[in-house]
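J.: Pasting a structure below so you can have a look.
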Ligand SMILES: [Zn+2]
Ligand SMILES: [Zn+2]
């Protein structure tokens, strides 16, 4: 299984990165590569095309409905519906998200009430703890703490080095520290955790985001094999989140940047 960071800017696109989007790929026993996009935030459809033809996506998993995580689903719909010449997918693309995803996406695209995007997008509502199968991978949502309904997603799939072995990637979505995050992070190989807030600066604002330190605490308490900090807004010092995490977590820590590949 492989994680490629498509966009990792927190809360809005930054000068060097689109907003949240992560491409997770795994090969099945027949050698077919399966492609999952976790979130498709503002600006992410552009760089995604350097990695994968959007027609070849097998599923999209949306952590929550803030624009920095879903805005480019509108563009994806245009691509799937109107791309000249090329063969389509054959079936609507499964999109998994919180309750209300279908109506929100339709509204964002400008459809009238009663119209839907079901001709090209098959929207499914996450059921907490219930795995969704995508080829050799399973995606399991965990409810986390954010001002709107939000999920972290645990992706389990075959190891790239030894396909007989199963590996686990956990993506926090947007969340503050909570039980759901702790359950999401338990025993994972890689924890991809947001760290939008800064210790000292944002201490009074709880229930929205992690700091680097709180991301590190989740990695440490879960026994994560490594930590990737992400969703750092352009106004933050980019190295600070990893430095905060390193104060409380002994494992390897990387800071997400577009194009970063993590092989599991
Ligand atoms: Zn966000
Ligand atoms: Zn958010």
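J.: Looking at (1) closer than 26 Å to residue 157 by Cα; (2) in contact with a strand residue (DSSP E or B) (Cβ under 8 Å, 6 or more places away or on another chain), which one does residue 54 not meet, given that it meets all the others?
T.: The one condition residue 54 does not meet is (2).
J.: I've got another one for you. Could you tell me whether residue 193 is more than 16 Å from ligand 1 (Cβ to nearest atom), at pLDDT 95 or above and within 18 Å of the chain's Cα centre (by Cα)? Talk me through it step by step, then tell me what you get.
T.: Numbers: more than 16 Å from ligand 1 (Cβ to nearest atom): no; at pLDDT 95 or above: yes; within 18 Å of the chain's Cα centre (by Cα): yes.
Considered against the rule, which asks whether it is more than 16 Å from ligand 1 (Cβ to nearest atom), at pLDDT 95 or above and within 18 Å of the chain's Cα centre (by Cα), residue 193 comes out as no.
J.: Give me the residue from segment 1-12 that is within 13 Å of ligand 1 (Cβ to nearest atom) and in a loop (DSSP other than H, G, I, E, B) and, out of that set, surrounded by the fewest Cβ atoms within 10 Å (Cβ to Cβ). Please lay out each step first, then the result.
T.: Just the residues of segment 1-12 that are within 13 Å of ligand 1 (Cβ to nearest atom), to begin with: 7-12.
Subset that is in a loop (DSSP other than H, G, I, E, B): 8, 10-12.
Details: 8: 28, 10: 26, 11: 22, 12: 16.
By that ranking, first place goes to 12.
J.: Return the residue satisfying two criteria in turn: it lies in segment 159-176 and is within 26 Å of residue 210 (Cβ to Cβ) and away from ligand 1 (no atom under 16 Å from the Cβ), and of such residues it is surrounded by the most Cβ atoms within 10 Å (Cβ to Cβ).
T.: In the first step, residues of segment 159-176 are kept if they are within 26 Å of residue 210 (Cβ to Cβ); the result is 167-176.
Imposing the further condition that a residue be away from ligand 1 (no atom under 16 Å from the Cβ) reduces the set to 167-170.
Details: 167: 20, 168: 22, 169: 25, 170: 27.
Top of the filtered list is 170.
J.: Please return the ranges of strands (runs of 3 or more DSSP E) entirely within segment 150-264 where 1 or more residues are in contact (Cβ under 8 Å) with a residue 60 or more places away in the chain.
T.: Counting at least 1 such residues, we get 150-158, 166-171, 190-194, 226-230, 261-263.
The values are calculated or read from the model by the stated rules, or taken from the named source; none is laboratory data. Since the structure is predicted, the reported quantities are computational estimates derived from the model, not experimental observations. Reconstructed Cβ throughout: ideal geometry from the backbone, glycine too, with neighbour counts over all protein chains shown.
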